[in-house]
Every structure is written in structure tokens, then in C-alpha cells.
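The values are calculated or read from the model by the stated rules, or taken from the named source; none is laboratory data. All values derive from a computational prediction rather than experimental measurement. Heads up, the Cβs are rebuilt from the backbone with ideal geometry, glycines too, and the neighbour counts pull from every protein chain shown. The accessibility values were calculated without ligands, DNA or RNA, using every heavy atom of the protein model including side chains. Shrake-Rupley method; radii C 1.70, N 1.55, O 1.52, S 1.80 Å.
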Amino acid sequence: MPSLKDLKNRIATVKNTRKITKAMQMVAAAKLRRAQDAAVAARPYAERMTAVVAGLAASVGKSDGAPKLLAGNGSDKVQLVVVMTSERGLCGGFNSTIVRLARARVLELVAAGKTVKILTVGKKGRDQLKRDYGQYFVGHIDLTEVKRIGYVNARDIARDILARYEHGECDVVTLFYNRFQSVISQIPTALQVIPAKFEAAAASAVYDYEPDEGAILADLLPRAVATQVFTALLENGASEQGARMSAMDNATRNAGDMINKLTIKYNRSRQAAITKELIEIISGAEAL
């Protein structure tokens, strides 16, 4: 049974831990507001960009003049899996849900006889995947020094992906990230960006394009890939802060519960020690 001193030290340690988790919760709450605003503000632009490209793609179809980013190169043998996670931990199951979805897709592709390549964005995803799937790794993008995600970061990642595709290193590229829904809910998402896939678009007005649709698509599709990467980074940023805020709130509550239990145990042990001392004093007085 632990001594009174041990219990007292443990209570003090848990109280210090609670201060840290509470501070981290407040910091995450402050960052969440900014990250959520950025993610929500980017959605209309990304949706409109997708709608425009989808309309052009519907006109071009799978014709010979269709850009490779839209029509593909006629093969899906080599699959590039881009796993986007955070650089830091202490955010609950945020990273694990992304990695779990990516791992399931990798196993599915390997079972289908595809060649899988993994590009990680964020240290936590790399750390979770490298032990079992290290042989599939082809690169890692470190954002540790980036304090605030900007379009320039997404553009650099998109250029890396596009360069790999243009050099024939992959046939299909899929992003894995968490889409922000609320503080307690983030949706693991797999988004194929190369070749571009679009849902059936609603009928829209007919336009005459100058230059033709193929030329416009050739210019817009690389930008669309960068926009999708940027949107994924923003969604991940908001999801990470929401998950961290929720995790630190739970940790703070658990620390409070532990302090209460330890305090009760400390008081009972102290009471038992005092009672024992009184019994010894009384017994000694009666013996005299």
C-alpha cells in the first residue's frame, strides 16, 4: 500500500498534468476557430473549381484531346497513396483514423495485384505506417516548421505529385485526410485527384470556350489538384485542432476524477494512520 507521502506526491503530479492539459485545450480552442474559418472559407472556392472543371470534363469526355490528368494514361497498375496527418500528437484518434483508412486501401490494392507507393505528409502518419509498409514508401513531406498552412505549401505538394505522375512513377493518386465536421466528429476521406474523378454534374448552361475545352482543362487541372491538396490540408488542420481540443478536455476531466479518488484514498489512509496512533497511545496509557 502506498505511503501518505507517495499519495501526496502523486496528487501533486496529477494536478500539474491537469494544468498542462487544460492549457493545451485552451490553445487548441483558440487555434480551432482560425482553422475552422479557413477550412469553411475554402470550401465554396473548391466546390466551384470542381464544378467548372467537371463541366469542362463532361464536354471533353474521354476524347483523344483530353488531358492525361483527366483521362489517365490507360492504366491503374501503380497507385500513389498520399497520407496526410499531423506533425504532433495528443489529438485523440485523429491520426489513427486516417492511417486506418489508408492501411485498408493499401491492403485492398496489394490483394488486387497493384503496385503501391506511399507518400506521407506529416510525421505521425509516417511513424504509424513505416513499420508495416516501409517498403512502399517513396517520400515524405515535412511541415514541422510551418506555423500556418498556406497555399504555397499545397502548391509544393501538388508539384511533387504532378511531377511523379508526369514522369510515369504512378498511374493513380489518392489523398487520405480527415474532413472537418465538428469538434467531436472528423470524417476520414479518400479523394482521388489523378486522374480527376467528378460526380455527375447537374445540367448547366452551354458555353463557347476560347481556347477550346481541352486547352483550358490542361491549364486548370494542375490548379485543381493544388486546390484539392490545399482544401485537404485546411480540413486536416481544423480536424486536428478539434480532435486535440476534445482529447485534452477528456484528459482534464479524467485528471480531475483521478485527483478526487486519490484525495479520498489519501484522507482514508491518513485517518487510518491517526486512528492507529491514537490506539497505540491509549493502549500505552492503560498499560501504565
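Residue-by-condition table, conditions (1) aromatic (Phe, Trp, Tyr); (2) touching a Ser or Thr at 6+ places or on another chain (Cβ under 7 Å); (3) over 17 Å from PRO188 (Cβ atoms):
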| residue | (1), (2), (3) |
| --- | --- |
| VAL53 | no, no, yes |
| LYS68 | no, no, yes |
| LYS77 | no, yes, yes |
| ARG88 | no, no, yes |
| GLY93 | no, no, no |
| ARG103 | no, no, no |
| THR120 | no, no, no |
| ASP127 | no, no, yes |
| ARG164 | no, no, yes |
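Of all the residues that make up the range 236-250, how many are under 17 Å from VAL83 (Cα atoms) and either out of contact with any strand residue (DSSP E or B) (no Cβ under 7 Å at 6 or more places or on another chain) or among the charged types (D, E, K, R) (or both)?
The first filter runs over the range 236-250 and keeps only residues under 17 Å from VAL83 (Cα atoms), leaving 236-240.
Going one step further and asking which of them are either out of contact with any strand residue (DSSP E or B) (no Cβ under 7 Å at 6 or more places or on another chain) or among the charged types (D, E, K, R) (or both), we end up with 237, 240.
Here the count works out to 2.
A Cβ distance below 7 Å, combined with a sequence gap of six or more or placement on separate chains, defines the contacts here; from the range 1-26, residues that are over 30 Å from ILE274 (Cβ atoms) reach residues that are in a helix (DSSP H, G or I) and of a type in the set (S, T, N, Q) in the pairs THR21/THR252; LYS22/THR252; GLN25/THR252. Consider the range 78-110 and keep the residues that are modelled with pLDDT of 90 or more and of a type in the set (Gly, Ala, Ser). The one that is farthest from VAL121 (Cα to Cα) is ALA104. Residues that are exposed (fewer than 15 other Cβ atoms within 10 Å of the Cβ) and over 15 Å from LEU175 (Cα atoms) within the range 98-136 comprise LEU107, GLU108, VAL110, ALA111, ALA112, GLY113, THR115, ASP127, ARG131, ASP132, GLY134, GLN135, listed in sequence order. Picking from residues in the range 27-39 that are out of contact with any Leu (no Cβ under 6 Å at 6 or more places or on another chain) and touching a residue at least 40 places away in the same chain (Cβ under 8 Å), the one that is most open to solvent (accessible area, probe 1.4 Å) is LYS31.
Pull up the range 214-231, narrow it to residues that are of a type in the set (Gly, Ala, Ser) and modelled with pLDDT of 80 or more, then point me to the one that is surrounded by the most Cβ atoms within 10 Å (Cβ to Cβ). In this case the residue turns out to be ALA224.
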